[in-house]
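Below you'll find the structure, written out as structure tokens, and then a few comments.
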Amino acid sequence: MKKQEAGFFLLETLILGMIVTALALVCYSYLFLNRQRLYCEGAVTASFLAQKQIALIEARPAWLRSFGEVPWLEDGASPVERNHRQFYLTSRITDSPYGSRLRSVEVTVAWEEQGKRLEQSYRKLVRCDD
């Protein structure tokens, strides 16, 4: 009479381990890519908001004659709501070291992403005609 074999062979156990590892890697890569996608959406939106703020400042020469903080010029509301996120804009006009007819416009955009505060700053030299 033959003995009944019970249990798994080593090869079957290794194959099962590889399948489980592959599934775990796919799930982790999905979570990583989703996190990167969310960050990129926030960063691109922040970039567009900063560009818009700088363009609005350039379009109003009266703002360039003064120095200091500038509110969000589109509708004055802060924080700005875009893509289901809140963005906080801080704009500052300072004198440029390159000449009296140039102003340095710096826009800092901050937002929260997964419990962390992220921030990007944009700076542009703008010609001021007095």
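The values are calculated or read from the model by the stated rules, or taken from the named source; none is laboratory data. Here the structure is a predicted model, which is why all the values come from computation and not from measurement. All Cβ positions, glycine included, derive from the backbone under ideal geometry; neighbour counts span all protein chains shown. Areas reflect the complete protein model, heavy atoms only, side chains present, ligands, DNA and RNA absent. Shrake-Rupley method; radii C 1.70, N 1.55, O 1.52, S 1.80 Å.
Structure above, values below:
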| item | result |
| --- | --- |
| Met18-Glu119 FRET efficiency (beta carbon distance; Förster radius 35 Å; 0.05 resolution) | 0.25 |
| The chain: Cα Rg divided by the 2.2 N^0.38 Å rule of thumb | 1.94 |
| Dimensionless Rg/Rh of the stretch 44-94 - Kirkwood Rh, Rg from C-alpha atoms | 0.97 |
| Check: the chain dipole with +1 on Lys, Arg Cβ and -1 on Asp, Glu Cβ, in debye | 220 |
| Cα long-axis angle, helix 10-59 against the chain (0 to 90 degrees, to the nearest 10) | 10 |
| At most 16 other Cβ within 10 Å, DSSP loop - GluC sites (Glu not before Pro), the stretch 1-107 | Glu5, Glu74 |
| Full-extension gain in nm, Gln36 to Arg60, via 0.36 nm per residue minus C-alpha separation | 5.0 nm |
| Mean Cα-pair separation over length for the chain, i.e. relative contact order, pairs under 8 Å, 6 or more apart, % | 19 |
| Value of [θ]222 nm, deg cm²/dmol, for the chain, DSSP H segments ≥ 4, -39500 (n - 2.57) each, nearest 500 | -15000 deg cm²/dmol |
| DSSP-assigned coil residues among chymotrypsin sites (Phe, Trp or Tyr not before Pro) in the stretch 80-114, each with at most 11 further Cβ atoms within 10 Å | Tyr98 |
| Whole-percent carbon and sulfur share, accessible surface of the stretch 1-120, 1.4 Å | 62 |
| Alpha carbon centroid spacing (whole Å) that separates the stretch 81-130 from the stretch 7-43 | 40 |
| Area of Thr13 that stays accessible when all protein chains are in place (1.4 Å probe, Å², to 10) | 70 |
| Accessible area per residue, Å², the stretch 45-95 with all protein chains present, probe 1.4 Å | 57 |
